[in-house]
1. Quick test of your reading of the structure: Gly87 fulfils all but one of (1) within 30 Å of Asp14 (Cβ to Cβ); (2) over 22 Å from the mean Cα position of the chain (by Cα). Name the failing condition by number.
2. Is it the case, given these coordinates, that Ala29 is out of contact with any Pro (no Cβ under 9 Å at 6 or more places or on another chain), among the small types (Gly, Ala, Ser) and modelled with pLDDT of 95 or more?
3. Quick one: Ala65 ticks every box in (1) more than 17 Å from Leu136 (Cα to Cα); (2) loosely packed, with under 15 Cβ neighbours inside 10 Å bar one, so which box is it?
4. Of everything in the range 67-122, what is closer than 16 Å to Ala56 by Cβ and among the hydrophobic types (A, V, I, L, M, F, W, C)? Give them in sequence order.
5. Only one of (1) out of contact with any Leu (no Cβ under 8 Å at 6 or more places or on another chain); (2) under 27 Å from Gly78 (Cβ atoms); (3) modelled with pLDDT under 70 is not met by Glu222, so which one is it?
Amino acid sequence: MDSRIDALYQLPLDEFTAARNTLAREAGADGRDVKALQKPPIAAWAVNQVYWTRRADYEALVEAATTLRAAHEAVLSGKQADLRAAGKDHEEAIERVLTAALAVLRDAGQPATDATKGAIQTTLRALPTGDPPGRLSRVLQPGGFEMLSGISLRTAPSSKAAAPARGTKAAASKAARGTEPEAEAGALARAREGVTAAARDVKIAEQAARREEFEAARAAREEDKAVRALETAREELEAAERAAREAQDEAKAAAARREAARTRARESDDALSAARARLADAEKAVAALTRKK
C-alpha cells in the first residue's frame, strides 16, 4: 500500500483525485485513510516531483538545512561556526531545487506564477519537516527563529591571561593585575550585548520574512483554489456544450421526422383524393346503369 500511495503522489496533478478514489475503493480496511489523502496544492506537488525525480538535489537541500541549523545553535551557544558558509550552501541548495521544481511545472504545462514560486520557496525553507518526503499535501511554513528557542546564550570561555613577564616592576605588575579583570569584564559584557542585539535583529528579520512568506503562501492557496474553480467551470462548460450539441442533434432529427411525416401526410391526402374520385366515378356508373333499366 505504501508503494501505491507513493505512486499516487507521482501522478500528474489533475489525475490525483480520480486515482486516489480508485485506490480507496481497492484498499479494503485502509480505504478510509486513503480517501482522506489530500490533493496537494501546485507548489507542494512540484516539490514532491523533485523528490521523486531529483532525489540527490532534494537530499542535498535537507543536509544543507540541517547544517545551517547546527551552525545557528553553535553560535547561540557561544561556540564557533561558519554561518556565512552554511547560509550560502543552504541558499544554493534552495535555488537548485527551486529551479528543478519550476522545470517540473513547465514540463507539466502548469502555471508558474510569482505566488506559486513564492510558495515553493517557503516550502523549501521549511525543510526538513515531519511530513513524509514526496507526499507533501500542503505548503509548509518555516519555523524561523523559534526553531532555536531554548538554546542558552553563552559566551566562549576567555583564554587565560598570560603571566606577567619576569623582570617587570612590581608597581606595573600590580596595576596590570588590577586592570586586566576589569577590561575582560567590560569586553565580556559588550560581547554579550552584541549577541543579544544580533539575536534581536535576527528575530525581527525572521518575523518580517515570515510575514512575506505567509502572504505568498496564502496567495498560492488562493491561486490554487481559483485554478480548481476554473477547472470545474471548464468541465461544467464542456458538459453543457455536449448537452447543447446533443439537443441540437435531436432537434435536427425531430425536424427531419416532422418533414417526413408531412410528406407522408401529403401523399395520404393525394391517395385519399384519388380514391374519392374513383368512388365518385363508380357511383356515377352505377346510377347510369340503373336509369337504363
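The values are calculated or read from the model by the stated rules, or taken from the named source; none is laboratory data. None of these values were measured; they are calculated from a predicted model. Ideal geometry is used to build each Cβ from the backbone, glycine not excepted, and the neighbour counts take in all protein chains shown.
1. Only one criterion is unmet by Gly87, namely (1).
2. no
3. (2)
4. Matches in the range 67-122: Ala93, Ile94, Val97, Leu98, Ala100, Ala101, Ala103, Val104.
5. (2)
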